[in-house]
Amino acid sequence: MIEIKDLHKSYHMGNNSLHVLKGINFNVEDGEMVAIMGSSGSGKSTLLNILGMLDEADQGSYVLDNTHIKNLNEKLAARYRNRFLGFVFQSFNLISYKSALDNVAMPLYYQGVKRSKRTERAMSYLDKVGLRDWATHMPNELSGGQKQRVAIARALASDPKVLLADEPTGALDSKTSYEVMEIIQAINDEGKTILIVTHEDDIAHMCKRIVHLRDGVIIDDQRIDQVRVKEMTNV
Ligand code: ADP
Ligand code: MG
């Protein structure tokens, strides 16, 4: 699903430059659930943003679902992003003046899906994250966990190949974090490929594989026995 080879990225500020990704190599197969771990500043978000086509690498190759992601014009990049990728952020990034339902329906609007179909699909994804009864509520009427569930429904609405989440539980207390992770595990159970950036060990262990980043290189990459939130007794 994802193949990256020798990925490099630097940021330039005046005369200074910061080499953030220093030759990243890794592959992700269809259906995997991968945690990208590392301390703050290790390059996790930079890597995820490149995978999510929100940013471009300086060097190296990135193949997503057999498509080379390189030198795409803005329009094509936007189309691939919309079709291939769903993004979830730490701060939810919902549109404050739109209802939960309209937030979820938004990516479908950009895909040219008709209104009635949009509403129906958005509702089924809200249902999937347990928020059918909250469809008409505005983001400021929702708790943090509910907002993140809306954001997950929105990311899934266009049925992306890969779900990318940057610290999706970073703004949530641990009980709410686990509820969100339970939903993400259920989505992965249905076959969706998922990458989650986190610096929290317990969250990483709810994935099936942990890729450990330090100072812009992968220092460890291992498959693990996934902790199932559903089976945890003390949450
Ligand atoms: P992480 O997500 O692991 O905390 P980031 O990928 O956000 O790390 O950042 C890696 C390094 O790159 C940090 O030192 C950060 O300050 C720097 N950085 C991130 N984005 C930019 C940017 N747009 N311009 C300049 N420096 C940046
Ligand atoms: Mg980050």
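If I filter the range 67-83 for residues that are open to solvent by less than 80 Å² (accessible area, probe 1.4 Å), within 30 Å of Val227 (Cα to Cα) and either within 16 Å of ligand 2 (Cβ to nearest atom) or among the hydrophobic types (A, V, I, L, M, F, W, C) (or both), do I get at least one hit? There is no residue in the range 67-83 that is open to solvent by less than 80 Å² (accessible area, probe 1.4 Å), within 30 Å of Val227 (Cα to Cα) and either within 16 Å of ligand 2 (Cβ to nearest atom) or among the hydrophobic types (A, V, I, L, M, F, W, C) (or both). Taken over the range 51-66, the criterion of being open to solvent by 20 Å² or more (accessible area, probe 1.4 Å), at positive phi and modelled with pLDDT under 95 is satisfied by Asp65, Asn66.
Among the residues of the range 28-45, count how many are out of contact with any Lys or Arg (no Cβ under 9 Å at 6 or more places or on another chain) and either away from ligand 2 (no atom under 13 Å from the Cβ) or open to solvent by 80 Å² or more (accessible area, probe 1.4 Å) (or both).
So the first thing to find is which residues in the range 28-45 are out of contact with any Lys or Arg (no Cβ under 9 Å at 6 or more places or on another chain), and the list is 29, 40-41, 44-45.
Applying the additional criterion that residues be either away from ligand 2 (no atom under 13 Å from the Cβ) or open to solvent by 80 Å² or more (accessible area, probe 1.4 Å) (or both) yields 29, 40.
Selection size over the range 28-45: 2.
Which residues, taken from the range 135-157, are surrounded by fewer than 18 Cβ atoms within 10 Å (Cβ to Cβ) and in a helix (DSSP H, G or I)? Asn140, Glu141, Gly144, listed by residue number.
The residue list Ala186, Ala165 contains one member that is surrounded by fewer than 17 Cβ atoms within 10 Å (Cβ to Cβ) and farther than 18 Å from Ala100 by Cα, which is Ala186. Checked against the criteria, Pro160 counts as away from ligand 1 (no atom under 16 Å from the Cβ), at negative phi and part of a loop (DSSP other than H, G, I, E, B). When the range 92-129 is filtered for residues that are among the β-branched types (Val, Ile, Thr) and farther than 20 Å from Ala165 by Cβ, the ones remaining, listed by number, are Val113, Thr119.
Scanning for something assigned to a helix (DSSP H, G or I), of a type in the set (A, V, I, L, M) and modelled with pLDDT of 95 or more, does the range 205-224 turn up at least one residue? The answer is no; no qualifying residue exists. One residue alone among Ser143, Ser96, Ser124 is at pLDDT 95 or above and either over 25 Å from Asn188 (Cβ atoms) or in contact with a His (Cβ under 9 Å, 6 or more places away or on another chain) (or both), and that residue is Ser96.
For Glu141, the requirement of being over 28 Å from Gly38 (Cβ atoms) and over 16 Å from the mean Cα position of the chain (by Cα) is met. Exactly one residue among Leu21, Leu7, Leu48 is within 16 Å of ligand 2 (Cβ to nearest atom), open to solvent by less than 40 Å² (accessible area, probe 1.4 Å) and either without any contact (Cβ under 8 Å) to a residue 24 or more places away in the chain or not in a helix (DSSP H, G or I) (or both), and that residue is Leu21. All conditions in (1) within 16 Å of ligand 2 (Cβ to nearest atom); (2) in contact with a Leu (Cβ under 6 Å, 6 or more places away or on another chain) hold for Gly60, with the sole exception of (1). Filtered by the rule that a residue be away from ligand 1 (no atom under 16 Å from the Cβ) and of a type in the set (Val, Ile, Thr), the range 44-67 gives Val63, Thr67.
The values are calculated or read from the model by the stated rules, or taken from the named source; none is laboratory data. Predicted, not measured: the structure shown is a model, and the values here were computed from it. Because the Cβ atoms are built from the backbone with ideal geometry, glycine has one as well, and the counts that use them run over all protein chains shown. Side chains included, ligands, DNA and RNA excluded: accessible areas come from the protein's heavy atoms. Shrake-Rupley method; radii C 1.70, N 1.55, O 1.52, S 1.80 Å.
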